[in-house]
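Structure, as structure tokens:
The values are calculated or read from the model by the stated rules, or taken from the named source; none is laboratory data. Since the structure is predicted, the reported quantities are computational estimates derived from the model, not experimental observations. Positions of Cβ are backbone-derived with ideal geometry, glycine not excepted, and every protein chain shown enters the neighbour counts.
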Amino acid sequence: MAMVAAHAGVSGQTVSRVVNGSPRVDPGTRSRVEGAMAELGYRPHRAARALRTGRSQTIGLVVTTLATVGNSRMLQATAEAAAERGYALTLVTATDGVAEAFERLAEQEVDGAIVLNEASALIPAVQPPVGLRLVVVDAPTDAGFTSVHSDHAGGAAVATSRLLALGRETVHHLSGPAESFAAAERERGWRETLVVAGIRPPAVVRGDWSADSGYSAGHALATASAIFCANDQMALGVLRALSESGRRVPEDVAVIGFDDVPDAANYRPPLTTIRQDFTALAHRAVSALVEAIEGTSQGEPSALIPTKLIERDSTA
């Protein structure tokens, strides 16, 4: 570090600030220091930094599964967001419970952890290790943790309203698992929108996020005129079942999904859906956790990330 400082003509403290991503360095000086670091082949030593700062510069990510598109996209977005903040990411699955996952993270001396989606429902039953800072993605704002989640209920309300605006008498709902916070919020948005419109909500059909469960539900909903699916994977199965039942989409049945997975535009027909901004969700979760770790938190207990209707042929 002293060699970099001498080469760049700055103090060792300035080099330290650049290395640690401090905003208290003007762009010209930062560029000069980074150039000197590249020329001299300087790389921060993570273990040495941990000894000096008491932080490992590593955060954990707790998941129950990576089989769902939402979780896998969140993993990628979280890894990218962590890297931008200078943090490594370690992944643990809660196959043996969240308590065991927390213990594994504590053994690896991570600075904090993000708990993702379905795993968030398991947190109230355990006591996290002392000092492990947590941010939870998809949990109630009164859960006692910093929480970040998409506007599931708002997106569901927009989807339901759009289907009613097509002149359909009611909207049926294919929901996600009962224990899922996201599924419950999407169901709430759908239900409240129908009630406000003076329509009694039909019985919910429940799936497990998979296209197979959507296919089974699609046969049960074959007589519906409008279906709001809690995710795009289930909507894919619904579209296949409706086609096999001789029901045309959107002429006979209008369908809307949720997530806007990359393949949704290539479904047959292309799927109208509610887009989740996974990049914004991951960046906000990582920022909240890093701020808690570094003591720079602005005291924002939760964050709500907007969703957006993406209209395609399944409601045209």
Open item on the list: I need the full set of residues from segment 1-28 which are of a type outside the set (Gly, Ala, Ser), surrounded by fewer than 16 Cβ atoms within 10 Å (Cβ to Cβ) and free of Cβ contacts under 8 Å to residues at least 24 places away in the same chain, in order please.
Closed with: Gln13, Pro23, Arg24, Asp26, Pro27
Task: helices (runs of 4 or more DSSP H) contained entirely in segment 1-54, each with at least 3 residues that are among the small types (Gly, Ala, Ser) and modelled with pLDDT under 90 - done: 46-53
Task: Single condition Ala254 does not satisfy, out of (1) of a type in the set (Gly, Ala, Ser); (2) touching a helix residue (DSSP H, G or I) at 6+ places or on another chain (Cβ under 9 Å); (3) surrounded by fewer than 16 Cβ atoms within 10 Å (Cβ to Cβ) - done: (3)
Task: strands (runs of 3 or more DSSP E) wholly inside segment 214-316 that include at least 1 residues being of a type in the set (Val, Ile, Thr) and within 30 Å of Thr58 (Cα to Cα) - done: 302-305
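Matching residues to (1) closer than 21 Å to Val255 by Cα; (2) of a type in the set (Lys, Arg):
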| residue | (1), (2) |
| --- | --- |
| Leu116 | no, no |
| Ser120 | no, no |
| Leu134 | no, no |
| His149 | no, no |
| Ser175 | yes, no |
| Ala197 | yes, no |
| Ala203 | yes, no |
| Arg206 | yes, yes |
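Anything in segment 164-196 that is more than 26 Å from Pro140 (Cβ to Cβ) and in a loop (DSSP other than H, G, I, E, B)? List them, or say none. Give the steps one after another, and end with the answer.
Of segment 164-196, the ones more than 26 Å from Pro140 (Cβ to Cβ) are 164-170, 172.
Passing the criteria: Leu166, Gly167, Arg168, Glu169, Thr170.
Name the one entry in Thr95, Thr65, Thr90 that is part of a strand (DSSP E or B) and among the polar types (S, T, N, Q).
That would be Thr90, the only listed residue that is part of a strand (DSSP E or B) and among the polar types (S, T, N, Q).
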Open item on the list: Checking the structure you have, find out if any residue of segment 237-255 is under 23 Å from the mean Cα position of the chain (by Cα), assigned by TED's automatic domain parsing to the domain that holds Gly167 and of a type in the set (Asp, Glu).
Closed with: no
TODO: Answer yes if at least one residue in segment 259-278 is of a type outside the set (D, E, K, R), modelled with pLDDT under 95 and surrounded by fewer than 16 Cβ atoms within 10 Å (Cβ to Cβ), and no otherwise.
DONE: yes
- [ ] For segment 150-159, indicate whether the set of residues that are under 30 Å from Val126 (Cα atoms), at pLDDT below 95, touching an Asp or Glu at 6+ places or on another chain (Cβ under 9 Å) and assigned to a loop (DSSP other than H, G, I, E, B) is non-empty.
- [x] no
- [ ] Being closer than 25 Å to Gly86 by Cα and part of a loop (DSSP other than H, G, I, E, B) is the filter; apply it to segment 111-147 and report the residue that is modelled with the highest pLDDT.
- [x] Asp111
